[in-house]
Amino acid sequence: MTTLPALSSADLAALLSSRLCHDIISPVFGIQSGLELLDDMPNDKEAMDLVRSSLKSAVAKLQFARIAFGAAGSQTAMIDLNDAKTVAMGYMEHEKANLVWEGEVGYVKKNFAKVILNLVLLASASISRGGEVRVDIEATDPPRASVRATGERIRMQPRLVALLDGAEDQETMDAQAIQPYYTLFLAQECGLSVSYEKVDGQVTFSAAAA
């Protein structure tokens, strides 16, 4: 299992908060800009469309974050995979790639669902333009799933590769690297092993009971 760099609970919480703010700030600024335009040009269609699309993006990101990063119930809570799929589909509507989600259904342990959602983020971030993210829930007990990114240009973050490979990382953890770290942290918490396989135009992340 991957050995992660030491990080205090306070630093983990602070860096995740920074990551969430980064994700939400863009659509919130879009809403602000649209409202300012409406102050000058009431009933302007383009300004209203900007407000609507930005608001939809902000809501989708918050709903996704509630499950992917939030408590989402007690520590032993179970999550309906259909709920995880719904928030993932909503989130990906505002990203470069399309999302396909197939496989087993039903309730799973909370952290397994959170790992899958975080792997969707990693897969999406690996796609430079266009492409597809595909989730396959292969089994729920014991849990096993894969998340595949396919596109013209696939690029994995160097920090993510280092974490997955278990390479010694002397760099200070920052808001850009915290989401990959959190994904692997969650996996360890629920006894999952995360691996990857990269070929031309494709990278597949796999999560299975260690």
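The values are calculated or read from the model by the stated rules, or taken from the named source; none is laboratory data. What you are looking at is a predicted structure, and each value in this text was computed from that prediction instead of being measured. Glycine also receives a Cβ, built like all others from the backbone with ideal geometry; neighbour counts cover every protein chain displayed.
Please verify whether A97 is aliphatic (A, V, I, L, M), in contact with a His (Cβ under 7 Å, 6 or more places away or on another chain) and surrounded by 18 or more Cβ atoms within 10 Å (Cβ to Cβ), treating the condition exactly as stated. For A97, the condition - aliphatic (A, V, I, L, M), in contact with a His (Cβ under 7 Å, 6 or more places away or on another chain) and surrounded by 18 or more Cβ atoms within 10 Å (Cβ to Cβ) - is not met. Here T140, T172, T150 are screened, and the one residue that is more than 16 Å from A207 (Cβ to Cβ), touching a residue at least 40 places away in the same chain (Cβ under 8 Å) and of a type outside the set (A, V, I, L, M) is T150. Give the stretch 170-201 a look and list any residue that's modelled with pLDDT under 90, over 17 Å from the mean Cα position of the chain (by Cα) and of a type outside the set (A, V, I, L, M, F, W, C), or say none. Residues satisfying the conditions are Q170, E171, T172, E189, D200. Taking K114 as the residue in question, decide whether it is surrounded by fewer than 22 Cβ atoms within 10 Å (Cβ to Cβ) and basic (K, R). Against the criterion (surrounded by fewer than 22 Cβ atoms within 10 Å (Cβ to Cβ) and basic (K, R)), K114 does not qualify.
Residue by residue, here is whether (1) among the hydroxyl-bearing types (S, T, Y); (2) at pLDDT below 90; (3) under 29 Å from A162 (Cα atoms) holds:
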{"residue": "L4", "(1), (2), (3)": "no, yes, yes"}
{"residue": "S8", "(1), (2), (3)": "yes, yes, yes"}
{"residue": "F29", "(1), (2), (3)": "no, no, no"}
{"residue": "L37", "(1), (2), (3)": "no, no, no"}
{"residue": "N43", "(1), (2), (3)": "no, yes, no"}
{"residue": "D49", "(1), (2), (3)": "no, no, no"}
{"residue": "V59", "(1), (2), (3)": "no, no, no"}
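Against the definition (farther than 24 Å from L62 by Cβ, in contact (Cβ under 8 Å) with a residue 60 or more places away in the chain and either out of contact with any helix residue (DSSP H, G or I) (no Cβ under 7 Å at 6 or more places or on another chain) or not aromatic (F, W, Y) (or both)), how does G131 come out, yes or no? Considered against the rule, which asks whether it is farther than 24 Å from L62 by Cβ, in contact (Cβ under 8 Å) with a residue 60 or more places away in the chain and either out of contact with any helix residue (DSSP H, G or I) (no Cβ under 7 Å at 6 or more places or on another chain) or not aromatic (F, W, Y) (or both), G131 comes out as no. Taking the stretch 1-20, which residues are assigned to a helix (DSSP H, G or I) and either in contact with a His (Cβ under 7 Å, 6 or more places away or on another chain) or touching a residue at least 12 places away in the same chain (Cβ under 8 Å) (or both)? Hits for the stretch 1-20 are D11, L12, L15, L16, S18, R19, L20.
Mind listing whichever residues of the stretch 1-34 are over 23 Å from A65 (Cβ atoms) and in contact with a helix residue (DSSP H, G or I) (Cβ under 9 Å, 6 or more places away or on another chain)? First the steps, then the outcome.
Going residue by residue through the stretch 1-34, those that are over 23 Å from A65 (Cβ atoms) are 1-3, 5-6.
Within the stretch 1-34, M1, T2, P5 qualify.
Are any residues in the stretch 116-136 of a type in the set (A, V, I, L, M) and part of a helix (DSSP H, G or I), and if so, which ones? Answer for the stretch 116-136, where residues must be of a type in the set (A, V, I, L, M) and part of a helix (DSSP H, G or I): I116, L117, L119, V120, L121, L122, A123, A125. Every residue in the stretch 60-92 that is under 25 Å from R129 (Cβ atoms) and either more than 13 Å from the chain's Cα centre (by Cα) or hydrophobic (A, V, I, L, M, F, W, C) (or both), please. Residues satisfying the conditions are A60, F64, A65, A68, V87, A88, M89, M92.
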